[in-house]
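Here's the structure we're looking at; comments come further down.
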Amino acid sequence: MATVVDELIRRVYEQVLPLRAGAPADYIPELAKVDPDGFGICLATADGHVYEVGDTRVPFTIQSISKPFTYALALTDRGEHAVADKIDVEPSGEPFNEISLDPGTERPRNPMINAGAITATSLVAGDGRDARFERIRAAYSAYAGRELHVDDAVYRSESESGYRNRAIGYMLRSFGIVTGDPEDAVDLYFRQCSLSVTCHDLAVMTATLANNGVNALTRERVLPTELVERVLSVMATCGMYDAAGAWVAEVGLPAKSGVGGGVVAVLPGQLGIAVYSPRLDAHGNSVRGVEVCRALSRELELHFLHVTRAARSAIRARYPIAQSPSRMRRTRAERDLLDQLSDHGVIYELHGDLQFTGAEATVREIARGEARLEAVVIDVREIDEVSDVAATMLSSVRGELVALDCGVALVDPRGRLGHTQSSLEGPGGRVFHDLDAAIEWCEDLLLARHWSGTRPPGSIRLDQHPLLQRLTPEQRDVALTLVEHVEFERDDVLVHRGEPTAGLFLLLEGRVSSLVTDNADGRVRRVSTLSAGMTFGEIPLLLDTVALSSFVATTAGRAARLPASVYADLSARDPSLELGLVKGIAAGAYEQLDTMLRSLAHVPGGR
Ligand code: GLN
């Protein structure tokens with residue numbers, strides 16, 4: 001199926017096809033033998049999909065498009081410093097084969113002109129010409145994702161006519177830039193220029209650069225990230241020789257051309273373009289190749305300085321913890337206190353790629369409220385890429401908040417900020433896998449700090465249970481005789497979903513969670529967690545249905561249970577006790593409803 005992208009590049013192909021200006025290179029006799037009108041375009045995405053139109057499988061020699069790749073090899077083999085001692089990175093404004101060095105540094109001006117390229121070739125490691133060439137050939141093959149070979153006829157032709165490049169080699173030797181036999185360096189250079197490629201190969205090689213050094217077809221890392229950056233920089237400023245300035249202005253993509261008729265261009269992180277058309281302009285750049293890059297850059301808006309939007313804050317939402325309570329069921333008094341503290345406990349949801357600017361905006365925003373903050377949730381679940389500097393900035397802001405005595409709960413289940421362990425207690429607070437647990441932790445922290453008087457105890461006597469407290473002393477005495485005592489262990493199921501309830505439970509100690517299974521994905525979700533003084537199991541009693549959710553102990557504990565059969569008898573036996581209980585249950589239910597409606601009214605990123 002021809003996609004919209006196929007049609008786009010076909011349109012550019014047809015627009016540019018009529019251009020017949022220029023002529024194939026003939027200073028290397030063998031190169032003059034090509035079909036001057038051959039023409040192919042490939043666009044390869046960083047994830048390895050290649051769109052192609054025209055002569056994309058016709059072999060031709062790579063020529064100067066080899067230069068960035070060998071420069072990368074020299075950097076790999078000798079390191080950045082050693083290479084910088086031999087080759088500068090300044091655009092020369094000179095033709096590719098200029099016999100010159102920078103008069104000040106006495107070094108080749110950049111690795112994209114022949115002097116710099118021959119120097120780079122001389123720096124490739126290996127024992128002897130053949131071994132070193134094999135290293136080059138194998139590396140290019142890894143970039144292309146298939147075995148590449150030398151076109152012997154072009155190699156011989158270039159070697160026989162390559163006086164100018166030999167002159168450059170000997171000049172480099174006389175200045176001590178090339179230290180070995182200059183013939184070796186020049187011969188390797190001729191061979192690398194004569195490697196036979198297709199437009200498709202070049203597209204894959206270029207996409208490998210776009211993909212940060214990982215070949216998207218073979219998934220092999222063939223270049224370290226830092227080197228890719230370095231190579232692309234030099235391609236951006238020096239890739240098109242003396243036309244480099246106009247190229248950046250008009251096309252705005254790191255690029256490289258070769259006298260074999262190839263041109264490649266890279267949009268870092270996104271795509272690579274390769275064009276084949278052997279008619280060259282006066283600079284030695286493919287006439288159609290340049291035109292295709294111009295058209296694609298314009299039509300697909302690929303210019304690397306194209307500003308699509310100003311850097312945006314990484315904060316998706318900021319809201320008080322009180323607006324999005326945890327599923328830990330709190331008493332009315334606890335809720336009221338958390339409401340009063342809403343300026344002191346805040347949730348920040350971050351999203352997108354977190355780079356310097358997003359981290360800066362986040363840090364600035366957090367610092368604004370810093371004086372009042374006592375508990376902060378930083379939710380980074382929706383963050384994709386995090387740059388090192390952004391991670392450092394966020395971790396120092398966490399450290400600063402902690403130093404100001406503010407609890408910081410980081411929700412980072414995928415370890416985006418380098419923490420993988422849930423509940424890890426670090427200098428920045430705690431790390432959670434799940435937002436709800438983080439909110440609960442912050443609520444506990446705020447309650448612990450601000451509760452005046454005594455917190456509701458974790459364990460109560462039956463006669464202290466709020467439901468019984470609402471009864472008259474006489475009713476309470478009766479109730480005490482009707483209940484059974486239940487001790488439970490963690491993970492005990494006290495109410496089974498779908499079954500008739502075992503009765504009305506008055507929780508006296510420990511924690512019990514209400515759980516439902518999501519029909520869509522089969523996952524068990526927590527509806528709420530209850531603690532001492534709360535009641536459960538009442539809904540099926542009142543509605544005369546089966547239990548709608550399970551109640552499972554999350555800690556060991558105690559409860560009192562009014563059995564379902566006893567409750568059923570109450571209306572005949574003691575209607576006033578029944579009414580007292582129902583009133584108490586209704587009051588609790590309305591309190592919960594209020595809390596739930598409040599968190600529904602505020603649906604932040606959707607929980
Ligand atoms: N082999 C060619 C030379 O050095 C490569 C030049 C180029 O492609 N611009 O003459």
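The values are calculated or read from the model by the stated rules, or taken from the named source; none is laboratory data. Worth saying up front: this structure is predicted, and the values here are computed from it rather than measured. Cβ sites come from the backbone with ideal geometry, for glycine too, and all protein chains shown count toward neighbours. Quick note on the areas: whole protein, heavy atoms, side chains included, nothing else; ligands and nucleic acids left out. Shrake-Rupley method; radii C 1.70, N 1.55, O 1.52, S 1.80 Å.
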Per residue, accessible area of the chain with a 1.4 Å probe, heavy atoms of protein chains only, in Å², comes to 44 Å²
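How large is the translational diffusion coefficient of the chain in µm² per second when you combine the Kirkwood radius over alpha carbon pairs with Stokes-Einstein at 4 °C and 1.567 mPa s? Please report the intermediate quantities before stating the final value.
Values: Rh = 29.6 Å.
In µm²/s, the coefficient is 44.
Taking K and R as +1 and D and E as -1, what net charge do the other residues with C-beta under 11 Å from the C-beta of Ser159 add up to? Walk me through the numbers before you get to the answer.
Numbers: positive: Arg156, Arg166, Arg191; negative: Glu30, Asp152, Glu158, Glu160, Glu183, Asp187.
Net local charge, Ser159 excluded: -3.
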Long-range amide H partners of Phe432, meaning residues 5 or more apart or on another chain whose placed amide H is closer than 5 Å, are Leu410, Val411, Asp412, Ser423
Counting sequence-distant residues (5 or more places) and residues on other chains, those with an amide H built under 5 Å from that of Leu271 are Ala46
Longest principal axis of the chain (C-alpha) makes with the long axis of helix 225-238 (C-alpha) an angle, in degrees to the nearest 10, of 50 degrees
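What's the extension gain from Glu183 to Val582 if we count 0.36 nm per residue and subtract their Cα-Cα distance?
Numbers: separation 399, 0.36 × 399 = 143.64 nm, distance 10.03 nm.
The Glu183-Val582 span can extend by a further 133.6 nm.
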Reported to the nearest 10 Å², Ser550 has, with a 1.4 Å probe, an accessible area equal to 30 Å²
For Lys67, counting only lysines whose alpha-carbon sits under 30 Å away and dropping same-chain residues fewer than eight positions off, the answer is Lys33, Lys86, Lys256
Tilt, helix 152-161 to longest principal axis of the chain (alpha-carbon atoms), in degrees rounded to tens, equals 50 degrees
Taking GluC sites (Glu not before Pro) in a DSSP loop with at most 12 other Cβ atoms within 10 angstrom as exposed, one finds the longest site-free stretch of the chain at 302-488
Across all Cα atoms of the range 114-153, Rg and the largest Cα-Cα distance (Dmax), in Å, are 11.1, 29
Diffing the range 516-528: the Karplus 3J(HN,Hα) column from phi (6.51, -1.76, 1.60, θ = phi - 60°), in whole Hz with x for Gly and Pro, holds 10, 9, 6, 5, 5, 10, x, 7, 8, 10, 8, 8, 6
Pseudo-spin-label distance Asp152 to Asp35, built 7 Å along Cα→Cβ, given in nm, is 2.5 nm
Tyr348 neighbourhood, Cβ < 10 Å, K/R = +1, D/E = -1, net charge -1
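Under unit Cβ charges (Lys, Arg +1; Asp, Glu -1), what dipole magnitude, rounded to 20 debye, does the chain have relative to its Cα centre?
Numbers: 62 positive and 84 negative charges, 129 e Å.
In total the dipole reaches around 620 debye.
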Once all protein chains are kept in place, Cys406 shows an accessible area at probe 1.4 Å, nearest 10 Å², of 0 Å²
Projecting the Cα atoms of Pro457, Leu123, Gly213 onto the charge dipole of the chain, where Lys and Arg contribute +1 and Asp and Glu -1 at Cβ, the residue farthest towards the positive end is Pro457
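Could you please report the charge total around Thr198, scoring K, R as +1 and D, E as -1 over all other residues with beta-carbon less than 11 angstrom from its beta-carbon?
On the way: positive: Arg57, Arg146; negative: Glu52, Asp55, Asp201.
Here the count lands on -1.
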Simple spin-label estimate for His450/Arg372, 7 Å along Cα→Cβ, in nm, reads 1.0 nm
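Hey, any idea what % of the chain's accessible area is carbon plus sulfur with a 1.4 Å probe?
Working: 13810 of 26820 Å².
It is 51 percent, rounded to a whole number.
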Quick shape check on the range 447-507: root eigenvalues a ≥ b ≥ c of the Cα gyration tensor, a/c under 1.5 is rounded, otherwise prolate if a/b tops b/c, else oblate, and it reads oblate
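Using 0.36 nm per residue, how much length does the chain from Leu404 to Arg11 gain when fully extended, once their Cα-Cα distance is taken away?
Details: separation 393, 0.36 × 393 = 141.48 nm, distance 6.15 nm.
Fully extending the segment from Leu404 to Arg11 adds 135.3 nm.
Nearest 500 deg cm²/dmol is fine: what mean residue ellipticity at 222 nm does the chain get from its DSSP H runs of n ≥ 4 alone, each adding -39,500 (n - 2.57), divided by its residue count? Don't skip to the end; give the middle numbers.
On the way: 20 runs with 250 residues, N = 607.
The helix-only estimate for the chain comes to -13000 deg cm²/dmol at 222 nm.
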The ³J(HN,Hα) series, computed from each phi in the range 347-356 with the Karplus coefficients 6.51, -1.76 and 1.60 at θ = phi - 60°, rounded to the nearest Hz and given as x for glycine or proline, is 10, 10, 9, 9, 8, x, 7, 9, 10, 3
The answer for Ala532, listing residues at least 5 apart or on another chain whose modeled amide H is closer than 5 Å to its amide H, is Gly510
Probe 1.4 Å, all chains present, heavy atoms only: Ser459 accessible area in Å², nearest 10, is 60 Å²
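Could you work out how much longer the chain between Asp569 and Val307 gets when fully extended? Use 0.36 nm per residue separation minus the Cα distance between them, nm to one decimal.
Working: separation 262, 0.36 × 262 = 94.32 nm, distance 7.53 nm.
Once the chain is fully extended between Asp569 and Val307, it gains 86.8 nm.
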Once phi for every residue in the range 129-140 is put through the Karplus expression 6.51 cos²θ - 1.76 cosθ + 1.60 (θ = phi - 60°), the whole-Hz ³J(HN,Hα) values, with Gly and Pro written as x, are 3, 5, 5, 5, 5, 4, 4, 5, 4, 5, 5, 4
Here P(r) for the range 247-356, Cα-Cα distances in 10 Å bins, as whole percents, is 12, 26, 15, 11, 11, 11, 9, 4, 0
